[in-house]
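Structure, as C-alpha cells:
Computed from the coordinates by the stated procedures, all read-outs in this text should not be read as laboratory data. Just so it is clear, the model here is predicted, and its values are computed rather than measured. No Cβ is skipped: glycine too gets one built from the backbone with ideal geometry, and neighbour counts run over all protein chains shown.
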Amino acid sequence: MTQTASPTFAIIGGGQAGAEIAGELRKQGFDGRVVILGEEAALPYKRPPLSKAYLAGGLAEESLYVMQKAGLEKANIEFRGGARVVQIDREAKQLKLSDGSMLAYDKLAIATGGRARELKIPGADRPNVLLLRTIADVEKIRALAQAGKRAVIIGGGFIGLEAAATLVKHGVQVTVLEGLPRVLARVTSPEVSAFFERVHREAGVDLRTGVQITSFEYEAHADAAVTHIHLSDHSRVEADFIIVGIGVVPNTELAEGAGLVVDNGIVVDDCTRTSDPDIVAAGDCTNHPNEFLNRRVRLESVQNAMEQGRAAARTMLGKPETYKMVPWFWSDQFDLKLQMVGISTGYDQIVIRGDLASRAFAAFYLHEGHVIAADTVSKPLDFMLAKKMVAARMRIDPAQLADETVALKSLLPAG
Ligand SMILES: Cc1cc2nc3c(=O)[nH]c(=O)nc-3n(C[C@H](O)[C@H](O)[C@H](O)COP(=O)(O)OP(=O)(O)OC[C@H]3O[C@@H](n4cnc5c(N)ncnc54)[C@H](O)[C@@H]3O)c2cc1C
C-alpha cells in the first residue's frame, strides 16, 4: 500500500454495511479520509421498514437513515449519493465512477449489497410490475396501493409476506402466489410455514401455494399495465399492481470485473478479506465462512451487514479479528414478531413450546439431540435464551424444552 500522510479509505455502497464500516473506522480512531460512494441518492438507510412501517406510510424517509447528515458531517465521513462505481482498477488503486470521474484509494471496502431478483417473463417490465428493495420502489408501490386496489404478490418469502401483511391491513385486496408447496419453505419448518399461512388467510390474504405463473396479460402498447396473471392451474388472477418478491441477486459484477474471486457472493475470509489484500467486502454481497455453521454462507440480514461491516473496518486498519456470528433474523407480520436464530436445515426433531393457536410460541430444531436453531413468535425473552442454546449447540431434553411449566432459563447452565 502506498502510505500517504492522509490515506483514503473508500467504501462502495451506501447501505447498512457501508455505513457501519465508515462509522467503525472513526470509532477505531482512523483519521484519514473516509468516502462512501452510494449509487442511490438517499443517505445510507435501513431497509427492514420498507416492507413494514415505511410501506404503511407511517414513517418519514429521514427516520430510515442509519446516520443523519449532521452525524456524517460530525464524523467527517464523505457521502456521495448518486455515485455509481463502474470499475475498480486494482493496479492503479483507483475507482471509476459512472460520471467519468476517478477516486484513488489506499484501502477499499465493497459493500454493494444485492438487488431484487427480476421475473423473467414477458410483461415483467410493465409499469405496474414492481420490486421491493429501495425507497424508490416503495414510493412506486404506495402510489398504486390505495384501499380497494388488487395487489398480487409473487413470492411467499419474508418480503412478500411482510408486504402482504402491511397492504391487507390498509384495505388492499392481496393475493400471494408461491411456487413452492408452502411459504417460507427455504427458511423454516412446515409447522411454522403452516402457522403463517393460517395467519395470512385469516387476515384476508388470498394465499395460493404450489402455483406457477405461466404468463402476464396486458395490452400491446408499451405503457399498458398488466391486468391479469395466468397460472399453471389455468386460473387467472386480476391485478391493479404486482410486487415481485422472489429473492435477491448479490451485486458482484464490479468485483468480478476487477478479477476478485466471486462464487455466489464475493468470496471473503473470516476477517472479510477478498483475494486482494487491500480490498475487504461486507454485507449481502459476500460469501463468507461461518464457524458456527461450519460452511460458507451468503446471508441477507441486517445483523450480518453490521457485524461484518465492523470486522471489515478493523481489517482495513490492520487489526483483523475473526468475524464470528450465529446467524439471526427477524420478520414483523401483523402483530407478530418472528425471530429466528441458527439455520434449521438438517434438523431431525422439532420441539414446539407453547400453543400455535395462542400466536406466541417457540419452535426449537434439534439435530442428534443438540439445539441447532430456533424460531420464536412474539416470545422475545424465549428468543434471548434460545440464542444462547443455539450458540452453544446445547443438548437439551426435548420433553423439558416442550414443557412450559419448566422455565427455559433453568435449562441453561447457571451464570
Ligand atoms: C424490504 C426489505 C425488508 C427487509 N427486512 C429485514 C428484516 O426484517 N431483518 C433483517 O435482518 N434484514 C432485512 N432485510 C435485509 C437487509 O435489509 C439487508 O440484509 C441489508 O440491507 C444488507 O445491507 P448491505 O449494506 O449489505 O446491502 P444494501 O442494503 O443492499 O446496500 C448496498 C448499497 O450499495 C449500492 N451499490 C451497489 N452497487 C453499487 C455501485 N457499483 N456503486 C455504488 N453503489 C452501489 C446499492 O445501491 C445499495 O444502496 C430486508 C431487506 C428488504 C429489501
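Annotations
- Model label sites at I135 and D89, defined 7 Å from Cα along the beta-carbon direction, differ in position by 3.3 nm.
- All other residues whose Cβ lies under 12 angstrom from that of T252 are scored, Lys and Arg at +1 and Asp and Glu at -1, for a net of -2.
- Convex hull projection area averaged over all views, the range 118-244, Cα basis, nm²: 7.5
- Per-selection Kirkwood Rh - the chain (Cα, Å, 1 d.p.): 22.9
- Fewest-first ranking of S63, S331, using other Cβ atoms within 10 Å as the exposure measure: S63, S331
- On full extension, the segment bounded by F292 and M384 gains 31.4 nm, given 0.36 nm per residue less the C-alpha separation.
- Cα Rg, Dmax (largest Cα-Cα span) when computed across the range 335-411, Å: 11.1, 34
- The relative contact order of the range 118-244, computed from alpha carbon pairs under 8 Å that lie at least 6 residues apart in sequence, is 32 percent.
- Distances between placed amide hydrogens fall under 5 Å for K149 paired with Q173, all partners being 5 or more residues away or on another chain.
- V86 long-range amide H proximity, modeled H, under 5 Å: K96, L97, S98
- At R0 = 35 Å, FRET efficiency that the Cβ-Cβ distance of S275 and A56 yields, to 0.05: 0.25
- Working note: Karplus 6.51/-1.76/1.60 with θ = phi - 60° gives the range 126-134 the couplings 5, x, 9, 9, 10, 9, 9, 9, 10 Hz, where Gly and Pro are set to x.
- Overall dimensions of the range 190-322, expressed as equivalent-ellipsoid semi-axes from the Cα gyration tensor (√(5λ), whole Å, largest first), are 41, 21, 12.
- Kirkwood hydrodynamic radius (C-alpha pairs) into Stokes-Einstein, the range 1-95, 37 °C and 0.692 mPa s, D in µm²/s: 228
- Per-residue Cβ neighbour rank within 10 angstrom, fewest leading, D375, D31: D31, D375
- In plain terms, the residue of H234, H170 with the fewest other Cβ atoms within 10 Å comes first and the most crowded comes last, giving H234, H170.
- Alpha carbon centroid spacing (whole Å) that separates the range 289-320 from the range 188-254: 33
- Antiparallel DSSP beta bridges within the chain, as percent of all bridges there, nearest 5: 60
- For the chain, adding -39500 (n - 2.57) for each run of n ≥ 4 DSSP H residues and dividing by the number of residues yields -6500 deg cm²/dmol at 222 nm.
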